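These notes concern the structure reproduced below.
The values are calculated or read from the model by the stated rules, or taken from the named source; none is laboratory data. Just so it is clear, the model here is predicted, and its values are computed rather than measured. With ideal geometry, Cβ positions are generated from the backbone for all residues, glycine too; neighbour counts draw on all protein chains shown. Ligands, DNA and RNA are excluded from the accessible area calculation, which covers all protein heavy atoms including side chains. Shrake-Rupley method; radii C 1.70, N 1.55, O 1.52, S 1.80 Å.
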Amino acid sequence: MALESAVDIAPAEGKLGVLLPGMGAVGTTFIAGVLAIRKGLAKPIGSLTQMGTIRLGKRTDDNVPLIKDYVPLAGLDDLVFGGWDVFPDDAYVAAARAGVLDKHMLEDIGDELRAIQPMPAVFEQEFVKNLHSDNVKPDASKWDHAEALVTDIQRFSEENGCDRLVAVWCGSTEVYREPTAVHESLAAFEQGLKDSSPEIAPSQIYAYACLKLGIPYANGAPNLALDTPALLELAKQNGVPVTGKDFKTGQTLMKTILGPGFKARLLGVNGWYSTNILGNRDGEILDDPESFKAKEVSKLGVLDTIFEPERNPDLYGDITHVVRINYYPPRGDNKEGWDNIDIFGWLGYPMQIKVDFLCRDSILAAPLVLDLALFLDLAKRAGMSGVQEWLSFYWKSPQPVAEGLYPEHDIFIQLMKLKNTLRHLTGDDPITHLGAEYYD
Ligand SMILES: NC(=O)c1ccc[n+]([C@@H]2O[C@H](COP(=O)([O-])OP(=O)(O)OC[C@H]3O[C@@H](n4cnc5c(N)ncnc54)[C@H](O)[C@@H]3O)[C@@H](O)[C@H]2O)c1
C-alpha cells in the first residue's frame, strides 16, 4: 500500500535487536513463539502487529489492510534476541523450566533457543526478596553497573549486526517504592548511581542504560521505573520513546473489557472481588507482600478511571474493590482468576456476575512483548519520544503523559487511540465513527 507519509518514518531496514532484562516465562515464551512462527509452526495469535487490521476511509470503501502492511514495521525474520537474567539458563532450559510451551515445539527450535544465553544481571536482593541465584554482575557501584550494561548492549549489538535495538523489561516485579529525591531529576539520579543510592532499583539501572544509548524501553512489570522525572528527562533529552507499565493480561484484561460495557449501559457496580491462584515464578515473587503491593496498586487503579465515580456517584461512588493473588504451585503458569462482580440495575435491583478465567499468563503476555517491541521501534523511526500514550492499550497501569492527566483504561478507547495514531502517522484521516458521510 503506497501511502504518503505525514510523518517522515525511516524504513525498517536491517536487524532489530530485542533486549529483555528478565528471561523467564514471559520472555522465553515470546522468543520461542517468534522462532516458532518464523518456522511456520504456529500463528501469532493475539498480536495486533501481526494479525490486526486497520480500516481506512469510509466503511463502503472496503479498504482494510493488515497493520503490518500499512506501517513500516520490522519483520519477524529481522529480529534477534538477547537479555539478562539472574539464572544462567539458556533460553531453551529457561523455557522448558517455565513449562508454558510443549516440549515438542521447543525441540523444533531448540538450537536457536540454546544459542541465547542470558548476560549476568544487575540484581539486588532487597528489591526481589523471593529470588536467589548467582548469574549476577560482581559487586560494584550502581554507576559501574550502568556502564557494564552499556558495554553489554554495545557488544550484543556488534556481535549480532543490529541496526536498531529496543528493550522490554520482562524481569520480576520489584518491591513497591515511591519516587524519592533521587528520582526528581537526571542530575540527582546520576549522582544517586554514583553514590549507589538504596532508592535506585535494578530495573531503573537497565532503563537508564538503554535510554542513555537511545534505545526505546517498555516496562512490563508494575514497579517504579520509567515513571520518574529523572528517566523521563533522559528519554526526552535523547529523543527516546518509552511506555509502561504492567502488561495487561488475564484478570485486568477482563476488567477493562467488562467495565466499559457496564458503564456504557449505566449499570451500577458496588463490589468487584478478584482472586487468583498462580504457580509460576512470578506467583512466587508476588508472594512477597512488598512485590504484591506494586502489583496491587497497578491492578486497583483500573476501575476508578473507567467508572469515574466522581462523575457517576450513584453508579460507582461506593465500590469495594479487592484483588488477591495466591501462590499455588500445582497450577504453574496456568492461572485461574475468579471475579465476583456485584452489579445493580433499574431501581437499584442487585445482580451478580461470576467470571472464572482459566488463563495462561505467558501465552497472553508474549504477543504484547512482540507488539511493544515493534511499535516502539516504529515510534523511534518516526521521531516520537517520551511517553507513548497510544500504547496504553497494552498496560494495566498506563503511564500518564502529563501531570494531572488521567490515563485511559478503557481498552476500546485505547485501541481507537492506537489505530488513529497509526492513521495520523501515515497521513490518513482519523476515524471518528460519526458516520455523517453516509447520510443525505
Ligand atoms: N505473564 C503475565 O501475564 C504478566 C502480566 C503482567 C505483568 N507481568 C510481569 O512480567 C514480569 C515477568 O513475568 P514472568 O511470568 O516471566 O516471571 P518469571 O519469574 O518467570 O521471569 C522473570 C525473570 O526475571 C528475572 N529477573 C529478576 N530480576 C532481574 C534482574 N534484576 N535482572 C535480570 N533478570 C531479573 C528472574 O530471574 C526471572 O527469570 C513480571 O514482573 C510479571 O509481574 C506478567
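Considering only the stretch 58-86, how many residues are open to solvent by less than 40 Å² (accessible area, probe 1.4 Å) and not aliphatic (A, V, I, L, M)? Before you say what the answer is, go through the steps one by one.
Of the residues in the stretch 58-86, the ones open to solvent by less than 40 Å² (accessible area, probe 1.4 Å) are 65, 67, 70-71, 73-76, 79-86.
Of the ones still in play, those that are also not aliphatic (A, V, I, L, M) are 65, 70, 75, 81-85.
Summing the residues that are open to solvent by less than 40 Å² (accessible area, probe 1.4 Å) and not aliphatic (A, V, I, L, M) in the stretch 58-86 gives 8.
On inspection, GLY40 does not qualify as at pLDDT 95 or above and under 30 Å from LEU131 (Cα atoms).
Working carefully through the options THR53, THR49, THR28, find the one that is closer than 26 Å to SER157 by Cα, away from the ligand (no atom under 13 Å from the Cβ), among the polar types (S, T, N, Q) and at pLDDT 95 or above. Full working, then the answer.
Values: THR53 fails: closer than 26 Å to SER157 by Cα; THR28 fails: away from the ligand (no atom under 13 Å from the Cβ).
Answer to the selection: THR49.
Given the criteria more than 10 Å from the ligand (Cβ to nearest atom), of a type in the set (A, V, I, L, M, F, W, C), in contact (Cβ under 8 Å) with a residue 40 or more places away in the chain and touching a Gly at 6+ places or on another chain (Cβ under 7 Å), does VAL166 qualify? Spelling it out, it is not the case that VAL166 is more than 10 Å from the ligand (Cβ to nearest atom), of a type in the set (A, V, I, L, M, F, W, C), in contact (Cβ under 8 Å) with a residue 40 or more places away in the chain and touching a Gly at 6+ places or on another chain (Cβ under 7 Å). Of all the numbered requirements in (1) assigned to a loop (DSSP other than H, G, I, E, B); (2) within 16 Å of the ligand (Cβ to nearest atom); (3) out of contact with any His (no Cβ under 9 Å at 6 or more places or on another chain), LEU266 misses one, and that requirement is (2).
If you check ALA94 against the conditions, is it touching a helix residue (DSSP H, G or I) at 6+ places or on another chain (Cβ under 6 Å), closer than 15 Å to LEU20 by Cβ, open to solvent by less than 20 Å² (accessible area, probe 1.4 Å) and within 15 Å of the ligand (Cβ to nearest atom)? Show your work before the answer.
Numbers: touching a helix residue (DSSP H, G or I) at 6+ places or on another chain (Cβ under 6 Å): yes; closer than 15 Å to LEU20 by Cβ: yes; open to solvent by less than 20 Å² (accessible area, probe 1.4 Å): yes; within 15 Å of the ligand (Cβ to nearest atom): yes.
Spelling it out, ALA94 is indeed touching a helix residue (DSSP H, G or I) at 6+ places or on another chain (Cβ under 6 Å), closer than 15 Å to LEU20 by Cβ, open to solvent by less than 20 Å² (accessible area, probe 1.4 Å) and within 15 Å of the ligand (Cβ to nearest atom).
Taken over the stretch 277-326, the criterion of being among the small types (Gly, Ala, Ser) and touching a Phe, Trp or Tyr at 6+ places or on another chain (Cβ under 7 Å) is satisfied by GLY279, GLY283, ALA294. In summary, GLY220 fulfils each of the numbered conditions (1) out of contact with any Cys (no Cβ under 8 Å at 6 or more places or on another chain); (2) within 30 Å of GLY383 (Cβ to Cβ) with the single exception of condition (1).
Among the residues of the stretch 240-261, count how many are part of a helix (DSSP H, G or I), more than 16 Å from the ligand (Cβ to nearest atom) and open to solvent by less than 20 Å² (accessible area, probe 1.4 Å). Before you say what the answer is, go through the steps one by one.
Pass one, the stretch 240-261, residues part of a helix (DSSP H, G or I): 250-261.
Retained after the next criterion (residues that are more than 16 Å from the ligand (Cβ to nearest atom)): 258-261.
Narrowing further to those that are open to solvent by less than 20 Å² (accessible area, probe 1.4 Å): 259-260.
Summing the residues that are part of a helix (DSSP H, G or I), more than 16 Å from the ligand (Cβ to nearest atom) and open to solvent by less than 20 Å² (accessible area, probe 1.4 Å) in the stretch 240-261 gives 2.
The condition of being β-branched (Val, Ile, Thr), over 20 Å from VAL26 (Cβ atoms) and within 15 Å of the ligand (Cβ to nearest atom) does not hold for ILE116. When the stretch 119-143 is filtered for residues that are near the ligand (Cβ under 7 Å from one of its atoms) and of a type in the set (Gly, Ala, Ser), the ones remaining, listed by number, are ALA121, SER133. Listed by first and then second residue, the pairs linking a residue in the stretch 169-196 that is on the phi > 0 side of the Ramachandran plot to a residue that is modelled with pLDDT of 95 or more and part of a loop (DSSP other than H, G, I, E, B), with Cβ atoms under 9 Å apart and 6 or more places separating them unless they lie on different chains, are SER196/ALA140; SER196/SER141. Which one is most open to solvent (accessible area, probe 1.4 Å), of the residues in the stretch 346-362 that are touching a helix residue (DSSP H, G or I) at 6+ places or on another chain (Cβ under 7 Å) and assigned to a helix (DSSP H, G or I)? Ranking the candidates gives ASP361 first. Here the stretch 390-420 is the region considered, the condition is being open to solvent by 30 Å² or more (accessible area, probe 1.4 Å) and among the β-branched types (Val, Ile, Thr), and the residue that is modelled with the highest pLDDT is ILE413.
Candidates LEU20, LEU76, LEU16, LEU56: the one that is farther than 20 Å from ARG281 by Cβ and in contact with a strand residue (DSSP E or B) (Cβ under 7 Å, 6 or more places away or on another chain) is LEU16.
Residues of the stretch 240-266 that are touching a strand residue (DSSP E or B) at 6+ places or on another chain (Cβ under 7 Å) and free of Cβ contacts under 8 Å to residues at least 40 places away in the same chain: none at all.
Looking only at helices (runs of 4 or more DSSP H) that fall completely inside the stretch 134-239, which ones have 2 or more residues that are in contact with a strand residue (DSSP E or B) (Cβ under 7 Å, 6 or more places away or on another chain) and open to solvent by less than 40 Å² (accessible area, probe 1.4 Å)?
Working: elements: 142-159, 186-194, 202-212, 229-237.
Helices (runs of 4 or more DSSP H) meeting the threshold: 142-159, 202-212.
Taking the criterion of being open to solvent by 20 Å² or more (accessible area, probe 1.4 Å) and in a helix (DSSP H, G or I), the residues of the stretch 1-32 that qualify are ALA25, VAL26. Would you check if LEU434 is of a type in the set (A, V, I, L, M, F, W, C) and in a helix (DSSP H, G or I)? Answer is no for this residue.
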